[in-house]
Amino acid sequence: MQTGRRTVTTSAAKIFTTETDERSDVGIQILAASTNSGTIYISTNSSITANSSDENDGYPLTAGEKLLVIERNPNDIYAVASDVGQTIWFAIV
């Protein structure tokens, strides 16, 4: 199981900054750090927005919330935050 942490900014970006060959059996568990002051949005859409477009908004995570993304390829998951310096933790499961 691969785990890690990422800082999420107000610019949409892949969660994995470098391509990984690891594939999930179930998905990718994502946890928003309890110290976050903003909201993080998660999506498999590279055009993800942070609460500004009904068509492109990702799934919102506030401090301490978690989400299991059912996606075998972790390279296809994107995140964007409402404020700079937000943190997520992840595990490929």
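The values are calculated or read from the model by the stated rules, or taken from the named source; none is laboratory data. Everything quoted here is computed from the prediction, not taken from an experiment. For neighbour counting, all protein chains shown are included, and Cβ atoms are generated from backbone atoms with ideal geometry for every residue, glycine included. Accessible surface is based on the protein model in full, side chains and every heavy atom, while ligands, DNA and RNA are left aside. Shrake-Rupley method; radii C 1.70, N 1.55, O 1.52, S 1.80 Å.
Do the conditions hold for residue 45, that is, is it over 15 Å from residue 6 (Cα atoms), part of a loop (DSSP other than H, G, I, E, B), touching a Phe, Trp or Tyr at 6+ places or on another chain (Cβ under 9 Å) and open to solvent by 60 Å² or more (accessible area, probe 1.4 Å)?
Numbers: over 15 Å from residue 6 (Cα atoms): yes; part of a loop (DSSP other than H, G, I, E, B): yes; touching a Phe, Trp or Tyr at 6+ places or on another chain (Cβ under 9 Å): yes; open to solvent by 60 Å² or more (accessible area, probe 1.4 Å): no.
Against the criterion (over 15 Å from residue 6 (Cα atoms), part of a loop (DSSP other than H, G, I, E, B), touching a Phe, Trp or Tyr at 6+ places or on another chain (Cβ under 9 Å) and open to solvent by 60 Å² or more (accessible area, probe 1.4 Å)), residue 45 does not qualify.
Would you check which residues across segment 22-32 are open to solvent by 10 Å² or more (accessible area, probe 1.4 Å) and in contact with a Phe, Trp or Tyr (Cβ under 9 Å, 6 or more places away or on another chain) and list them? First the steps, then the outcome.
Step one: list which residues in segment 22-32 are open to solvent by 10 Å² or more (accessible area, probe 1.4 Å), which gives 22-23, 25-26, 29, 31.
Listed by number, the residues that qualify are 29, 31.
Could you check how many residues of segment 55-93 are among the β-branched types (Val, Ile, Thr), open to solvent by less than 50 Å² (accessible area, probe 1.4 Å) and farther than 14 Å from residue 9 by Cα? Explain how you work it out, then say what you get.
Quick first cut of segment 55-93, residues among the β-branched types (Val, Ile, Thr) only: 62, 69-70, 77, 80, 84, 87-88, 92-93.
Filter again for open to solvent by less than 50 Å² (accessible area, probe 1.4 Å), leaving 69, 77, 80, 87-88, 92.
So of that shortlist, the ones also farther than 14 Å from residue 9 by Cα come out as 69, 77, 92.
So the answer is 3.
Any residue at all in segment 5-12 that's at negative phi and small (Gly, Ala, Ser)?
Yes; the residues of segment 5-12 include at least one that is at negative phi and small (Gly, Ala, Ser).
Among the residues of segment 7-37, which ones are modelled with pLDDT of 90 or more, more than 16 Å from residue 67 (Cα to Cα) and part of a loop (DSSP other than H, G, I, E, B)?
9, 10, 11, 12, 35, 37
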